[in-house]
Amino acid sequence: MKPFEQIPPLVKKNIRYVLTDIDDTLTNHGRLPAVVFEAMERLKAAGIAAIPITGRPAGWCDHIARMWPVEGLVGENGAFYFRYDESQKKMLRRYFKPDEQRAADRRRLEDLKHQILQNIPGCRVSADQAYREADLAIDYCEDIQRLPQKDIDAIVDYFARAGAQAKVSSIHVNGWFGDYDKLTMTGILFEDVFDRRLADIKEQVIYTGDSPNDVPMFAYFPNAVGVANVLNFKGQLDCYPAWIVKREGGYGFAEMVDILLAEL
């Protein structure tokens with residue numbers, strides 16, 4: 001990973017989209033610093049679209065799409081995208097799976113939840129689970145004392161043995177049934193909303209992240225940026241971002257925006 005301050009000016013000038021994880025990428029210790037909103041407003045003023053790509057739930061994503069300075073977002077690790085159309089006063093929602101399949105998946109995830117809670121002492125269902133539509137989030141450190149790595153690995157294994165996908169974020173293990181991830185739904189959003197194929201424009205994109213569930217995005221986008229706390233997962237990621245900033249979380253995101261917009 002190279003210091004983001006060394007990014008070539010011609011690469012900076014080509015950026016038209018900033019995609020970003022939320023937890024521990026826009027937040028610091030669970031809080032969203034004011035500099036993050038200011039940074040997103042500055043991106044919007046510069047004609048650069050900000051698009052969160054998160055594991056957070058549908059209920060939160062509805063709020064974010066309506067009230068943040070963003071051009072839409074992907075939620076629940078790729079289960080859907082939401083975009084609020086201000087001109088029509090209408091929320092646009094697209095899901096990877098239809099209603100009936102999501103309902104069937106939730107019944108399977110409910111059974112899996114009981115297995116995990118019974119066999120992994122100390123873990124909990126995420127406090128935001130009530131607002132989720134497609135996945136099961138198991139808290140391993142957000143609102144509880146951090147579990148040992150062996151227990152985090154065991155939660156992942158329960159999902160895998162049930163035929164579910166599992167991704168480890170900086171706070172949760174998220175599991176779901178379906179052949180999708182953050183990158184898959186991001187591609188769908190770009191085709192629907194911007195009429196662009198990611199493969200054609202990926203060099204116009206920055207993706208910022210911090211943890212293992214960002215790996216598909218780090219691998220795909222040549223100008224992915226890690227906030228400084230990505231180093232907490234040193235040796236645990238299959239792929240690292242090309243660039244890194246000095247500061248952690250939301251302050252690192254704001255640092256990235258400062259560098260991106262400097263002298264433009």
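Each value in this text was obtained by applying a stated rule to the coordinates, not by laboratory testing. The model shown is predicted, which means the values in this text are computed figures rather than measured ones. With ideal geometry, Cβ positions are generated from the backbone for all residues, glycine too; neighbour counts draw on all protein chains shown.
A few remarks follow.
- Here the peptides 172-179, 70-77 are ranked by packing, the mean other Cβ count within 10 Å, and the order with the highest first is 70-77, 172-179.
- Taking all Cα pairs closer than 8 Å and separated by 6 or more residues, the relative contact order of the range 22-81 comes to 30 percent.
- For the residue pairs 90/246; 89/182; 2/167; 44/150; 113/234; 2/89, the alpha carbons lie more than 31 Å apart in 90/246; 44/150; 2/89.
- Kirkwood radius for the range 153-233, taken over all pairs of different Cα atoms as the inverse mean of 1/r, rounds to 14.0 Å.
- Convex hull per residue volume in Å³, alpha carbons only, for the chain: 120 Å³
- Protection proxy ranking of 110-123, 47-60, 24-37 - average other beta-carbon atoms within 10 Å, highest first: 47-60, 24-37, 110-123
- Taken along the Cα-to-beta-carbon direction at a fixed 7 Å, the label points for residue 179 and residue 29 span 4.5 nm.
- Cα→Cβ-extended label distance, 7 Å offset, between residue 6 and residue 261, nm: 2.6 nm
- Dimensionless Rg over Rh [the range 8-95; C-alpha; Kirkwood]: 0.98
- Helix 249-261 axis, angle to the chain major axis (alpha carbon atoms, nearest 10°): 30 degrees
- Electrostatic dipole magnitude of the chain [Cβ: Lys, Arg +1; Asp, Glu -1; Cα centre; debye, to 20]: 180 debye
- The chain: calculated mean residue ellipticity at 222 nm from DSSP helix runs of at least 4, using -39500 (n - 2.57): -10500 deg cm²/dmol
- Rg/Rh, computed from the Cα trace of the range 28-141 with Rh as the Kirkwood radius, has the value 1.04.
- The range 89-181, relative contact order in percent, only Cα pairs under 8 angstrom and at least six apart counted: 26 percent
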